[in-house]
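Participant: Input: one structure, supplied below.
The values are calculated or read from the model by the stated rules, or taken from the named source; none is laboratory data. The shown structure was predicted, so the numbers you read here are calculated from the model rather than taken from an experiment. FYI the Cβ positions are ideal-geometry reconstructions off the backbone, even for glycines, and counts take in every protein chain you see.
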Amino acid sequence: MSIAELRGQFPFYATANPCHYLDNAATSQIHRQALTAMAGQESCRANVHRSPYRLAEASSHAYGEARAQVARFVNAAAADEVVFTSGATAALNLVAYSFGETLQAGDEVLISAAEHHSNFVPWLRLRQRTGIRLRVLPLLPDGRIATASLAEMVTERCRLIAVTHCSNVTGAVTDVHAVVAAARAVGAKVLLDGAQQVQHGPVDVQKLGADFYAFSSHKCFGPTGVGVLWTRGGVLERLPPFLTGGGMVGLVSLETLSFASPPARFEAGTPPVAQAVGLGAAAAWMMTLPWAEVHRVESALLARLLDGLATFPTVRLIGPADLEARLPIVSFEVRGIHPHDVCQVLGEREVALRGGNHCAQPLFAALGSAGATRASIALYNDAADVDALLDGLEHALKVLS
Ligand code: PMP
């Protein structure tokens, strides 16, 4: 599949001035199939799981189909293992609240210094509420999680290891095998933040061996406003709900309160039906992709970008320099120049980048950096995008130095 063919499937590239979009770690462009599926709301719109008329049943069916498509996409053992949330942030908070409610003061949760704030702050809050002990895996100088420290940091009190599958700053992919083995040795659960991994798929939750897997639709070619928490079968049954309200209960009275079975127990209120249907379509499309070829193309662009950046003496890479065990998410500092200024100048040349601390302040503190400019590549990017960045950086250095 050529890049031109791929781009033809993304309406963004048919717009008048599509720009060199290299901010895919923040949000990817949306696939045509996702938009088309959501347009189905014209003729199929009603609340789900509420009413017996034909339209409501069709809407409930579409929502259920979306769940089944997402389950197939991550190779879940059953569709009911998929809970729709509003995004990865909500999925991670769900675990921190629901699983967190089963923890006691002194129980340990192990995270890493590479976490996005959405997998850091919920655990800080849990510590404030319950007195859990929060431990943090350190980083290697190139930003990878020091999984060799697992041996000393996973104790008998460890109840959960919650780490990112891939860093949104460094692009480093976590050694999940080591994490799962360390957790299993003490009977702890594993939560993976897959927000960055999914668009570079495929993800197989059964092979990964974790208990929870969180991600957002808008980072994997679907709409905003919906995300996923996959949970290993049997685990959610034993957890209390996070949000409460309609659709997640059994019996309710002043004296009685019982909850529906998962996934309904964790989907209080009207769910994001249209968005879930869009995500289902994006997931179905991703399952048709020749992933080996996608990886080959993305790696070639990554190598082109890393080689180009290495020619600038004042540029420092924040992340692994080799191509192994990393995704094409590339953060770099430019000595003496603020990342926002780099992004501003590049933005004027239609190169879309992001600068700052990328919602990962602990990571930057651990690496002794004040912030970075980030370029993140997706499957529809090409060499012209990377070259526009490198040319623009040369220009930025001239005007900003
Ligand atoms: N985790 C990681 C690694 C991320 O990159 C992001 C988004 N930047 C999130 C979680 C949160 O995703 P969302 O904002 O879609 O909830």
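Participant: Before we move on, is D341 within 27 Å of S118 (Cα to Cα) and either buried (at least 21 other Cβ atoms within 10 Å of the Cβ) or in contact (Cβ under 8 Å) with a residue 40 or more places away in the chain (or both)?
Facilitator: yes
Participant: Can you tell me which of G234, G247 is over 18 Å from N168 (Cβ atoms) and in contact with a His (Cβ under 8 Å, 6 or more places away or on another chain)?
Facilitator: After ruling out the rest, the residue left standing is G247.
Participant: Within the range 149-180, can you find the residues that are free of Cβ contacts under 8 Å to residues at least 12 places away in the same chain and among the small types (G, A, S)?
Facilitator: Hits for the range 149-180: nothing passes.
Yes or no, residue by residue, for (1) at pLDDT below 95; (2) in a helix (DSSP H, G or I); (3) not assigned by TED's automatic domain parsing to the domain that holds N47:
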{"residue": "L229", "(1), (2), (3)": "no, no, no"}
{"residue": "E237", "(1), (2), (3)": "no, yes, no"}
{"residue": "G245", "(1), (2), (3)": "no, no, no"}
{"residue": "S258", "(1), (2), (3)": "no, no, no"}
{"residue": "S261", "(1), (2), (3)": "no, no, no"}
{"residue": "T270", "(1), (2), (3)": "no, no, no"}
{"residue": "A281", "(1), (2), (3)": "no, yes, no"}
{"residue": "E298", "(1), (2), (3)": "no, yes, yes"}
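Participant: With respect to A366, determine if the residue is closer than 27 Å to T164 by Cα and in contact with a Cys (Cβ under 7 Å, 6 or more places away or on another chain).
Facilitator: Spelling it out, it is not the case that A366 is closer than 27 Å to T164 by Cα and in contact with a Cys (Cβ under 7 Å, 6 or more places away or on another chain).
Participant: Okay, next question. Kindly evaluate A292 against the criterion of being touching a His at 6+ places or on another chain (Cβ under 9 Å) and either free of Cβ contacts under 8 Å to residues at least 24 places away in the same chain or within 16 Å of the ligand (Cβ to nearest atom) (or both).
Facilitator: Spelling it out, it is not the case that A292 is touching a His at 6+ places or on another chain (Cβ under 9 Å) and either free of Cβ contacts under 8 Å to residues at least 24 places away in the same chain or within 16 Å of the ligand (Cβ to nearest atom) (or both).
Participant: What's the number of the only condition in (1) under 19 Å from the mean Cα position of the chain (by Cα); (2) on the phi > 0 side of the Ramachandran plot; (3) more than 13 Å from the ligand (Cβ to nearest atom) that G131 fails to meet?
Facilitator: Every listed condition holds for G131 apart from (1).
Participant: Where in the range 100-219 are there helices (runs of 4 or more DSSP H), lying wholly inside it, with at least 3 residues that are not aliphatic (A, V, I, L, M)?
Facilitator: 121-130
Participant: Scan the range 140-152 for residues that are more than 20 Å from the chain's Cα centre (by Cα) and surrounded by 14 or more Cβ atoms within 10 Å (Cβ to Cβ) and report the count.
Facilitator: Counting residues in the range 140-152 that are more than 20 Å from the chain's Cα centre (by Cα) and surrounded by 14 or more Cβ atoms within 10 Å (Cβ to Cβ) gives 6.
Participant: Give, as residue ranges, the strands (runs of 3 or more DSSP E) completely inside the range 319-401 that count at least 3 residues that are away from the ligand (no atom under 16 Å from the Cβ).
Facilitator: 329-334
Participant: Of the residues that make up the range 335-344, is at least one over 30 Å from F120 (Cα atoms) and among the β-branched types (V, I, T)?
Facilitator: No, the range 335-344 contains no residue that is over 30 Å from F120 (Cα atoms) and among the β-branched types (V, I, T).
Participant: Something else: Mind listing whichever residues of the range 4-17 are more than 24 Å from the chain's Cα centre (by Cα) and surrounded by 13 or more Cβ atoms within 10 Å (Cβ to Cβ)?
Facilitator: G8
Participant: Here is a further query. How many residues does the range 75-106 hold that are surrounded by fewer than 23 Cβ atoms within 10 Å (Cβ to Cβ) and either in the same structural domain as A360 (by TED's automatic domain parsing) or within 16 Å of the ligand (Cβ to nearest atom) (or both)?
Facilitator: Within the range 75-106, residues that are surrounded by fewer than 23 Cβ atoms within 10 Å (Cβ to Cβ) and either in the same structural domain as A360 (by TED's automatic domain parsing) or within 16 Å of the ligand (Cβ to nearest atom) (or both) number 4.
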